[in-house]
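J.: Below is the structure I would like to discuss, written out as structure tokens.
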Amino acid sequence: MNKLKCRLTNKEARFATIAGLVFLLLLFVDQITKAWAEAEQVRDPEYFLGIIKLTYTTNPGMAFSWFSQNYAAMVFITILTIFMIIGIAVVFFTLFKKNPPAQMCLAIIEAGAIGNLIDRLYFGHVRDFLDISPLHFGICNPADFYITLGAAALVFIILFIGPSALFPMTKKWREEAKALEAEREEKKKEKKNRRHD
């Protein structure tokens with residue numbers, strides 16, 4: 001990790017710190033609201049705006065209680081989650097170190113993944129309390145929102161935002177993308193010439 005930090009510019013390091021603080025704040029909100037919902041055993045009789053109500057429950061499985069009765073599958077998924085969390089951290093400091101919006105999305109996803117992982121490792125289940133059944137998502141928690149919204153935003157950014165996007169939205173980004181591509185081609189040619197020399 002120290003080697004990765006050394007490669008960051010001051011600007012990149014500052015934004016990484018901001019993303020880290022957002023990660024810690026979101027993780028705190030997730031854990032404190034789950035603890036409150038569990039302590040109060042919250043139950044609302046009606047849906048607020050017809051969309052959401054508070055209903056505390058526990059989920060030993062994945063989303064929609066998948067694999068809740070399959071211990072071996074949940075052990076495998078938990079191990080996979082740990083590797084995913086490590087992978088997100090590595091990608092944050094390498095592949096996306098020059099893409100602040102993508103880094104922020106990764107920090108949000110990481111907060112959700114670790115929030116639910118803490119529940120699984122400490123309690124053996126995930127604490128859910130946000131009932132959004134009218135939207136066909138069942139009962140979930142803040143960490144689930146972090147993962148879902150963060151992943152959706154990340155896909156949008158990778159596709160459309162910035163010069164490194166697959167399909168840059170603005171003319172400026174498209175021009176920057178062409179310039180970057182030309183620069184890469186120039187570097188390739190220089191490497192080939194050095195080999196021949």
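J.: Go through (1) surrounded by fewer than 17 Cβ atoms within 10 Å (Cβ to Cβ); (2) modelled with pLDDT of 95 or more for residue 70 and report which single condition fails.
T.: Evaluating residue 70 over (1) surrounded by fewer than 17 Cβ atoms within 10 Å (Cβ to Cβ); (2) modelled with pLDDT of 95 or more leaves (2) as the failure.
J.: Can you work out which of the residues in region 133-150 that are within 15 Å of residue 114 (Cβ to Cβ) and among the aliphatic types (A, V, I, L, M) is surrounded by the most Cβ atoms within 10 Å (Cβ to Cβ)?
T.: 143
J.: May I ask you to list the residues in region 20-34 that are farther than 28 Å from residue 99 by Cβ and without any contact (Cβ under 8 Å) to a residue 12 or more places away in the chain?
T.: Across region 20-34, the qualifying residue is only 32.
J.: Another question, then. Checking the condition surrounded by 12 or more Cβ atoms within 10 Å (Cβ to Cβ), of a type in the set (Gly, Ala, Ser) and under 30 Å from residue 44 (Cα atoms), which residue from 177, 153, 113 passes?
T.: 113
J.: Would you mind stating whether residue 157 is touching a residue at least 24 places away in the same chain (Cβ under 8 Å), in contact with a helix residue (DSSP H, G or I) (Cβ under 9 Å, 6 or more places away or on another chain), aliphatic (A, V, I, L, M) and under 30 Å from residue 120 (Cβ atoms)?
T.: yes
J.: Scan region 8-19 and report the pairs whose first residue is aliphatic (A, V, I, L, M) and whose second residue is open to solvent by 30 Å² or more (accessible area, probe 1.4 Å), with Cβ atoms within less than 6 Å and a gap of 6+ or a chain change.
T.: These pairs meet every condition: 19/104.
J.: What pairs come out if I take residues in region 73-92 that are within 21 Å of residue 125 (Cβ to Cβ) and pair them with residues that are β-branched (Val, Ile, Thr) and part of a helix (DSSP H, G or I) whose C-beta lies under 7 Å away, six or more apart or interchain?
T.: Listed pairs, sorted by first residue: 85/114.
J.: Return the pairs, sorted by first residue and then second, in which the second residue is assigned to a loop (DSSP other than H, G, I, E, B), the first residue lies in region 99-110 and is small (Gly, Ala, Ser), the beta carbons are less than 7 Å apart, and the residues are 6+ apart or on different chains.
T.: 102/96
J.: Right, something else. Out of region 156-166, which residues are at pLDDT below 90 and open to solvent by 80 Å² or more (accessible area, probe 1.4 Å)?
T.: The answer is 164, 166.
The values are calculated or read from the model by the stated rules, or taken from the named source; none is laboratory data. From a predicted model like this one, the values you see are computed outputs, not experimental measurements. Here Cβ is always computed from backbone atoms with ideal geometry, including for glycine, and neighbour counts include all displayed protein chains. Quick note on the areas: whole protein, heavy atoms, side chains included, nothing else; ligands and nucleic acids left out. Shrake-Rupley method; radii C 1.70, N 1.55, O 1.52, S 1.80 Å.
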